[in-house]
Structures are given as structure tokens and as C-alpha cells.
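Peer 1: Okay, here's the structure, questions in a sec.
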Amino acid sequence: MRDQQRPHSAESGDLPLELKPFVGRSAELTELAEALGAARLVTVTGACGVGKSRLAARAASGCAPRDGVWHVELEPVRDPEFLDYAVVEALGLTDHTTRLPRETLLDRLGGRELLLVLDGFEHLLDACAELVTDLLRRVPGLRVLAVGRRPLGVAGEQLLPLAPLGGDEAVRLFVERAAQHGLAVEDDADVRELCRRLDGIPLAIELAAGRLPMLSPGQLLERLDDRFRLLTDGRPDAPAHSRPIPGGPPSRHRTLRTAVGWSHELCTPEERLLWARLSVFAGRFDLDAVEYVCGGQGLHSDDVFDVLSQLLAQSVVAREESGSGVRYRMLDTIRAHGADWLEATGDAARLRRRHRDWYLGLTTWCELEWFSPRQDEVAARVEAELPNLRCALEYCLSEPDEAHLGHYLAGSLWFYWVGCGRLSEGRHWLEQAVALDSGHERSRLKALWVLGYVAILQGDSVPALGTLLECREEAERAADPTAVAYAEHRTGCLALLSDDMERAETLLSSALARYQEIGELNSNVLMGQIELAMARAFRGDLQEAVRLCEDVRQVCEDHGERWARSYALYVLAYAAWADGDLSGARTLLTDCLGNAHSFRDLLGSVLAVELLALVTGAEGDASEAAVLQGAAAGMWPSVGLPLFGSASFNAPHELCETAARERLGDERYEECVRQGSALGREEAVHRALGRRRAAALPAPRGSARPAKGAPDMRKPAASPTRKGGETTG
């Protein structure tokens, strides 16, 4: 994961924005604030729709821990196995190693002071309780605010049961929401009786207010009375919420169920149909997905927008702004109601297949567009769609006759797994996929070479080599030249990292020739050329390395590709340093680091910081060079073995350290390294990119001479090859 880094703003964290005015709850807010000040674990409990999440978010926004407040929405997480991934994701952490996400969490949260809001954990109760216990025991600066329908049952947990709104606050909420629909509603007897019948449950009140454009409060009350009578225990004059039903749910749960069902009954047939079909989505979704997945067979795709607008107006669906555009979501209670109706229609299986097909198509588009000027858009889109992509992967890997689509989907997401810091999750899906025999060899071969690629980037060389050998043997048997090329390419990457430069050069040259023969050109192919440049550079042919990377740079600029380009810039920056052009090297590295960081590519980032330390030392600022080396040392644990355990990659680091120690002395050097290692990743990148240039010492060609006994780093040495490329795709 991102080492000690704060991906977003550590001051603000990532609490969701409030899109509607917060009404009432002043006493509860005060009580919750006091509880958070006194206990490390506070759990807000209460019935569905009672307003737990909004209260927790409002209370958390008033907290100011040093490292921020971080919100983890757990409702879209359907498998307990992905709980840790969800927390890692919410904290913006990235880890390229083979460590489990729990290990990374515990490692990277050490020394932090933050508030973690776990929202909607009840379907993951046991896993969440175990995670919270582990985190609280081993991260002293952590506080947890949990939100669910029941307690976690963890030692030291302080509970805050949340009751429905009182009469005045319920009426105020109804009036406020009416105003948002452009309607002025008076606080009269009908309104008060309506809120009373809804038991003051905020979600039920919001649903009722969503009907005001069509019905008056009096008409709403009449219809609600009719609905309640359907759930009596035999007395026609006794609403369901007035008497308990033996063995039934608590009355407030029945009230909410009644309110949701009542809102459903008031929908048109088209609105009910769309409500049911929307339940196949996990988390948030966009209009294009809704039109494809939910249109047809009773709901024309041209009508979906208008029907969705009606559900939005009735608070059945919520609208949210995101980095990838306008998106929509349904609360868990509303989605569950729709899912029941979808199953009852007998159409659930077809809708899940359409959902899978949409996300297969989206993944295909994203893989193609990764090699284009839309890389940023692709990265943001996949990030936003991750819950739905997981849902599609689960479907493909659990349904008979779907394994080949699971192979395809897991393999086609290579650019996200390796280019956007998701190696651990990618390996999870890829290993599940390749374990299945689908009878479709081509799709499984792709999943195999991608799995080998991911394992290489994680520093897990033995499984990587075994997987790539299997891929090549099966590809040759199946006469699949594309899979042969990729297997050979990735095996060459592994040789490069293992300091076997002769073998790396042979394999990479052969793979590039195969790519050219079959007409393959994408970020992977360009990374192969960069990796070959690194092998040539390590063998002393710096001029050829520059030629290869200038060619890559031009192709990238022609296609708008930024990820592979950043690794080409890294090699060119090293060459510029070796040639004494420190200003040119810094310019190239600034561009390289900015791009790698924007993609959450830890490997590209840490390599750039390492080389910036070398350039900074050559400019005459030994203290800052040592600080940057410390910053890189703090990042490497999230990548893997520092500098891959490679003598070739380590040579520039040794040169920089030797020169800095000579100028500073051991004590001052170690002090600067400690200062750098204390920086979070965001701070380290900001410092590397934005520091003021020290007065540079003259840097004539070949000026940075290695100290006695240190390797001669005027020969090219630290380029971002294999992994660099790989982690991008």
C-alpha cells in the first residue's frame, strides 16, 4: 500500500459531501462527539433508514485527527474476503508486494493518528469485528467510528443507539425536503400525523416527501393508512406499527419496510421495473450502464432516462458527483427491496448476464483506450466501477460455463492491476481464474501471462517463472503467437531484474520482433522496448538505450500515452545525468514522477525519487539528496525488495550515498535520511517535485565520480525497466 503516505488530503480525509441540508440531531451530535473523545471505538446502531450514516459523517467532520478522517463504505462489499481491500482502497494505499492487505494496513497505519469510519458493516459482522480488534490493538493512534444495525461486539466498544426523529424534527425534515422540491408545506395536522405514522424514520420521511409533487400531505396520509392496514394482526383499525407481530421484525423495521413498499406501490409499472433491475448494480452506477443493462423487455432504452429521473425525484435513487462524472446509487434497504422483486419476476439471471456483459464491454474499451490520451479517464473510470467489476468477476468465476469470460475479464484488467497500484487484488482474481479450465485456451493464456507479470512486479520470482513457462508451453502447443510473445517478454523482464542482462537482452529482443511480426503495438510493447534499453544500458551501450527510449517517447506522444512514457523519461533522465546535463535530467524526472504519481504507480514513483536524489547530490545539495534517499527508503517496502535486490539497479543509490556521506559525514547523513523516511508519500513526492533548487555546483560532463570502491555510475544503471513497464501495462 502506499507507504506512509496520504493519498488525498490528510486534513480533510475523504468524507462524503453532504448534498442535502442536515436537519436536527443536535443532542445526538453532542453525545457522539463526546463519545469519540472518550473511546477508541464508537458504534452508532439503529434501524434501517434512521439516519446513522449521516449522523456519523456529520460528527466525523468535526474531528481533526492529525492524519485525517477516512470513510469506508462497506455496503457494496459483498464478500468478507474483500473487507481489507475496501479499507486499503478507502485509505488510498497502494502496495505492490505479496503481503496480504491486512499486513499492509497494520504496517502503514503505524504511527498515524486518524479516525476510520466503517459504514454499513452488518453483513460483514464477524470479519469487521476481527479487523477492528486487530487494528485497534496494533495501531495506537487509530479511532474507529462504526455504523451498523447492531453492535460489533468488540471489547471497549461504546454504543450510541440512534432513535428516530422526534415529532418537531421529523416535521422540520419533511418541510425542508418539500422545499427542495419547490413546494411550501405548512406544519399542520396532516403533516404531523404523517410523520408520526412514519415513526420519525428519516428515510421513510424522505420517500414520502418525494411524492409531494403528485400528492398532498393529506393524500399521502390516506394512502399510507391503507398500506398500514394491510399489515395488521387481524384488527382492521390497528396499524401494523401499533402492535407487535409474534416472530416478526421490530415495529420500526416493519414501518420502514412498509414505507419502502408503499413507495414502491405508488410507482408506475415502468418505475417498479427499473427499481427492480437497478438492484443488480453494486455500489454506484452511471446512466450509460443503466440504459444498457436495464433497458428492453418492457422498458425501452429510450425511456430509461425519464423513468430514472422519476425515481430520482422520489428519493428512490440518489445522484452523486464524482471524478468520473454523474453517478447514481440506491440505499441498501431500497436495493434489497428491488432485488426481491427482481427475483420474483424470474428475470434476475438475465439481468445479471446483462450486467456482466456491460462490464466486459467496458473493460474491453478501457484496455484499448489505455493506449491513448484517455489514460487518466480510463484509470478514474475503472476505479469508480470497481465494485461492479468485482461483481462481474464473481459471476464469471462462479457460474458454470462462464470461466472463459472470467479469464478474459481478469486478464484484460492488467493495465489497472499493474498501472494503478492494484497488484494484490489483481493476483487474487487471476489465480482464481487460471485455476478454472474453461476450454477456451486463448483467454486463459492471457490470464496466465498477466498473472506472471503481476507476480514479477510483486517480487515473487519463482511462481512468476513457473506461470510464464506454463503460458509459453501451452501457447506454443496452441499455436498462439501473441501469448508466446507476451510470455517471452515477461520472462525477459524477470531476467533483467535478476541481473542476467545477456539473457534479458536476448528474450526482450525476440519478444519485440514477435510483436512487430504480429502487428502488436500498445503500452506493453513500448515497455518491452524500454526494458531492452535498460538491458543495453546496464551492458554499457548508453547511446543505444537513448535511441530506443527516444523512439518510445515519440510513439507515446503520437498516441497520447503517458504511463510507458514516464519510464522512457526515466531512462533518458539517467542518460542526461551521466552526460552532465543536470538541468535536463531534473526536467525529465519531474515529468516522470508527476505522471507515475498520478497513476498511483509506486514503482515508477520510487525509481524517480531515487534518481532525483542522485541528481540533487550532483547539483551540490548533499543534505537534500540524503532526505530524498530516506523518502525512497520509506516507499520501497510498499513496492518490494529495495531496488529489486539488483546490483545494477542499486549502483546509482550507492553512488549517491557514498558522495553524500563524504560531504555530510555519517551522523548528518543518517539524520537527513531519517528526516526523509518520516515523510508520507504525498509529502515526499511534493518535496521532490517542488523543492527550491540549491545553488548548483558546476557539473561538467562526467563530473560525478564514484568514490573509491563504489561502482562507476557514469555507465547507465538505474532505469525503470521491467517493472516499470509492467506496472503500467
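The values are calculated or read from the model by the stated rules, or taken from the named source; none is laboratory data. This one's a predicted model, so the numbers in the text were calculated from it and none came from an experiment. Ideal geometry is used to build each Cβ from the backbone, glycine not excepted, and the neighbour counts take in all protein chains shown. Accessible surface areas use protein heavy atoms only, side chains included; no ligands, DNA or RNA. Shrake-Rupley method; radii C 1.70, N 1.55, O 1.52, S 1.80 Å.
Peer 1: Hey, among E682, E667, which residue is modelled with pLDDT of 90 or more and either outside any loop (DSSP other than H, G, I, E, B) or open to solvent by less than 60 Å² (accessible area, probe 1.4 Å) (or both)?
Peer 2: E667
Peer 1: I'd like to check which helices (runs of 4 or more DSSP H) are fully inside region 145-220 and have at least 2 residues that are in contact with a Cys (Cβ under 9 Å, 6 or more places away or on another chain) and within 17 Å of G51 (Cα to Cα).
Peer 2: 167-180, 202-209
Peer 1: Hey, can you tell me all the residues within region 515-546 that are at negative phi, out of contact with any helix residue (DSSP H, G or I) (no Cβ under 8 Å at 6 or more places or on another chain) and open to solvent by 40 Å² or more (accessible area, probe 1.4 Å)?
Peer 2: Q516, D541, Q543
Peer 1: Has region 36-53 got at least one residue that is aliphatic (A, V, I, L, M), within 30 Å of V260 (Cβ to Cβ) and modelled with pLDDT of 80 or more?
Peer 2: yes
Peer 1: Let me ask something additional. So how many residues does region 89-107 have that are open to solvent by 10 Å² or more (accessible area, probe 1.4 Å) and of a type outside the set (S, T, N, Q)?
Peer 2: Adding up the residues that qualify gives 10.
Peer 1: Also: Any residue at all in region 335-342 that's open to solvent by 50 Å² or more (accessible area, probe 1.4 Å), under 28 Å from H264 (Cα atoms) and not aliphatic (A, V, I, L, M)?
Peer 2: Taking every residue of region 335-342 in turn, at least one turns out to be open to solvent by 50 Å² or more (accessible area, probe 1.4 Å), under 28 Å from H264 (Cα atoms) and not aliphatic (A, V, I, L, M).
Peer 1: Name every residue in region 417-452 that is hydroxyl-bearing (S, T, Y) and either modelled with pLDDT of 95 or more or outside any helix (DSSP H, G or I) (or both), in order of residue number.
Peer 2: Matches in region 417-452: S438 only.
Peer 1: I'd like to check something: does region 541-558 contain any residue that is under 28 Å from the mean Cα position of the chain (by Cα) and part of a helix (DSSP H, G or I)?
Peer 2: Among the residues of region 541-558, at least one is under 28 Å from the mean Cα position of the chain (by Cα) and part of a helix (DSSP H, G or I), which makes the answer yes.
Peer 1: Now for a separate question. Which is surrounded by fewer than 24 Cβ atoms within 10 Å (Cβ to Cβ), within 18 Å of C549 (Cα to Cα) and among the aliphatic types (A, V, I, L, M), of A633, A585, A576, A608?
Peer 2: A576
Peer 1: Return the only residue of L135, L152 being under 24 Å from A27 (Cα atoms), buried (at least 17 other Cβ atoms within 10 Å of the Cβ) and modelled with pLDDT of 85 or more.
Peer 2: Going through L135, L152 in turn, the sole match is L152.
Peer 1: Something else: Mind counting the residues in region 155-201 that are over 36 Å from the mean Cα position of the chain (by Cα), β-branched (V, I, T) and open to solvent by less than 30 Å² (accessible area, probe 1.4 Å)?
Peer 2: 3
Peer 1: Additional query: Could you pull out every one of the helices (runs of 4 or more DSSP H) wholly within region 267-378 that has 1 or more residues that are modelled with pLDDT under 90 and of a type in the set (D, E)?
Peer 2: Where helices (runs of 4 or more DSSP H) fall fully within region 267-378 and carry at least 1 residues being modelled with pLDDT under 90 and of a type in the set (D, E), they are 332-345.
Peer 1: Moving to a separate point now. Could you please tell me which pairs satisfy a Cβ distance under 6 Å, a separation of 6+ or placement on different chains, a first residue in region 47-64 that is closer than 13 Å to S26 by Cα and assigned to a helix (DSSP H, G or I), and a second residue that is open to solvent by 20 Å² or more (accessible area, probe 1.4 Å) and modelled with pLDDT under 80?
Peer 2: Once the first residue is closer than 13 Å to S26 by Cα and assigned to a helix (DSSP H, G or I) and sits in region 47-64, its partners that are open to solvent by 20 Å² or more (accessible area, probe 1.4 Å) and modelled with pLDDT under 80 give R58/F22.
Peer 1: Restricting attention to region 42-54, report how many residues are touching a helix residue (DSSP H, G or I) at 6+ places or on another chain (Cβ under 6 Å), closer than 12 Å to A163 by Cα and of a type in the set (A, V, I, L, M, F, W, C).
Peer 2: Result for region 42-54: 3.
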